[in-house]
1. Return the residues of the stretch B:229-253 that are under 13 Å from B:ARG128 (Cα atoms), of a type outside the set (Gly, Ala, Ser) and more than 13 Å from chain A (Cβ to nearest Cβ); say none if nothing qualifies.
2. Exactly one condition in (1) surrounded by 22 or more Cβ atoms within 10 Å (Cβ to Cβ); (2) at positive phi is not met by B:ALA125; state its number.
3. Assess whether A:GLY17 counts as being surrounded by 22 or more Cβ atoms within 10 Å (Cβ to Cβ) and under 12 Å from A:SER257 (Cβ atoms).
4. Only one residue in B:TYR226, B:TYR201 is in contact (Cβ under 8 Å) with a residue 12 or more places away in the chain, surrounded by fewer than 17 Cβ atoms within 10 Å (Cβ to Cβ) and more than 14 Å from chain A (Cβ to nearest Cβ). Which one?
5. Checking B:VAL288 against (1) at pLDDT 85 or above; (2) buried (at least 18 other Cβ atoms within 10 Å of the Cβ); (3) not assigned by TED's automatic domain parsing to the domain that holds B:GLY99, which single condition isn't satisfied?
6. For the stretch A:2-59, how many residues are charged (D, E, K, R), over 13 Å from the mean Cα position of the chain (by Cα) and within 14 Å of chain B (Cβ to nearest Cβ)?
7. Would you mind stating whether B:LEU158 is modelled with pLDDT of 90 or more and out of contact with any Pro (no Cβ under 7 Å at 6 or more places or on another chain)?
8. What number of residues in the stretch A:222-240 are of a type outside the set (A, V, I, L, M), assigned to a helix (DSSP H, G or I) and more than 11 Å from chain B (Cβ to nearest Cβ)?
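The values are calculated or read from the model by the stated rules, or taken from the named source; none is laboratory data. In this text the structure is predicted, and so the values were computed from the model without any measurement. Neighbour counts run over all protein chains shown; Cβ positions are idealised from the backbone, glycine included.
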Amino acid sequence: MFANFLDIVITGLILGGIYALVAVGLNLQYGVGRVLNVAHGEFIMLGAFLTFSLFTQFNVNPLLALLIIGPGLFLIGYVVHQILFQYLRSTSITTDIFSGRSLLVSFGLLFVTQNIMLIVWGADLRQYTYLNNSISIFGTRYAMNRIVALIFAVGISVGFYLFINRSRLGKAIRAAAEDAEMANIVGVNIRQVLGICFGLGAMLAGMAGMLISLMFQLQASRGLEYTVIAIVVVVFGGLGSINGSLIGGFILGLVISFVNFLDPSLSLIAFYAIFMLLLIVRPSGILGRRAHAGR
Amino acid sequence: MQVVKKALQQPVSLILFIAAIIILAIAPQYAKRYTVISLITILMYVNLTMSWTIFSGPTNYISLASAGFFGVGVYLTAVFGRELPLYALAIMGGGISLGLAILIGLLTLRLKGVYFILFTFGVSALLRHSISWWEATITGTVGRFVRGPGNETVYYYLLGVTVLVFVTAYVVRNTKFGLALQGIGENEEAAAHIGINVTLYKIAGFGLSAIFMGATGAIMANRWTYIDPTIAFNPLISFLPVLMAIFGGTSRLAGPILGATIFTLLQEYLITSYPYYYMLLMGITLIVVILFLPEGLLGLMSRLVERLSRIKVIKEFIARFRSA
């Protein structure tokens, strides 16, 4: 009984950590920048595949690969935002129109990124083995890579929490999420902050991708699944609320882990059911303010 | 009646419309088999895009439930295809989609903007996963085989739906119904204040657009021999009509038709010529279209016409043409 419980909690925390990273990334892009980036999942897969190639081709330790993937994806995200979305923002009359058009552009981005990955890595399932020796916790054996993933997922989440809540740039980002125009007036360089937010979103996606590649099989066409998860968690935690996404990610991770334990085939249904119920009952999310719901 | 009068006042458009229908109706007698198959795909997307535009065009509520409505129709044929004739399936597909749309409409009254988009996307996905789960755990079989009538029958049924969608879209656009939807799109609160029953019009518009999607799905199911929830509720069916409508432009009725036709042809061309780079090219096209053609092909055309009419020679020509 206790072993089962521990297993559910550990799986839940791993899933939750990944959900949290993925959702915070999307929330930085949507909640702050108003870009509902459906290509988010592609960035996750890109991170995962880069880890795969770095490990299998160049023998780079996946955990060290984070140091390459993080900045690399940040740069990709930043450039994409400053070229595509900045132009789109300057040519859209209202925020609503910008939201709609940027959603469609990110679909284009999804097609492009996914296809590049298909060309480079093919359509087959890919997997590598790293740290799959097992260790024993309270009498149950766990694969080492899951425990490492757990530590990293929680570690990155906590680090990012501190960054958002304690640093100066984090403060600027929170201000921009609350009210971009006001933030601009009081001296936040909004163009720069929005670009950084998009870059950070891509970076977190890439890091989550590395964690996913530690445990799961990879496929170029799986990105959209993760995008959907990210969207659900973002709405659950509240649009624009970074802390909501962090907490919401872990809550949903634990719930899904429990449903998985009962009947794995129900987990996707549970996911969508929670999501839609939430939209009906409390569209502003657990930590979101009501004012956001109208937008 | 006023709608009929208005239609008669635009004889060129009316004649063009009737001519197009007649040409499409006799096309299968003369065209090659492959052409008919292409035309079926085009008609399917024209139907979906036009019905999507009926509601989402004027109101700006972007619905991603298309795959849900379409899939309900497809699944209906997959389950009852052997017992019922095609017209009954098409009507039932439309009816069930209508019911579903009313239910979604009632649930989403409070949701606006991106929340509405996400909810409608969720509906399609929830349906897909629920049916998969039901089949896997309760009935123990996933997927079904369909043996329906041939391509020509499918073609004529689709063409029938196209005519119905077109007439409906025209009527909606030129009556108070369309004006009300337009008002909701421009400013929902103001529309409510001047006495428009916002709830009623929103649900009615959403339901109306769902009917044709369900019917199209029930008919299109016969094009595939094997159907499972992933095929029936393919998320692309939600996204493509949106893209096609924006690609064509939603300011006039011709926009969605133009968008769906050109987009489908482009897609077929890219798939056959560059099978490995097709998605890449589609993605780039999409980005370019959204960035540089915000009002779609229609907007581009009217801009071109405007620019051309500024050139002196053409200006004089038009002036002479008018005075003659």
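1. B:ILE231, B:ILE237
2. Going through the list (1) surrounded by 22 or more Cβ atoms within 10 Å (Cβ to Cβ); (2) at positive phi, B:ALA125 breaks only (2).
3. Criteria met by A:GLY17.
4. Values: B:TYR201 fails: surrounded by fewer than 17 Cβ atoms within 10 Å (Cβ to Cβ).
Going through B:TYR226, B:TYR201 in turn, just one is in contact (Cβ under 8 Å) with a residue 12 or more places away in the chain, surrounded by fewer than 17 Cβ atoms within 10 Å (Cβ to Cβ) and more than 14 Å from chain A (Cβ to nearest Cβ): B:TYR226.
5. Here B:VAL288 clears every test but (2).
6. Of the residues in the stretch A:2-59, 1 are charged (D, E, K, R), over 13 Å from the mean Cα position of the chain (by Cα) and within 14 Å of chain B (Cβ to nearest Cβ).
7. Judged against the criteria, B:LEU158 is a match.
8. Total satisfying the criteria: 5.
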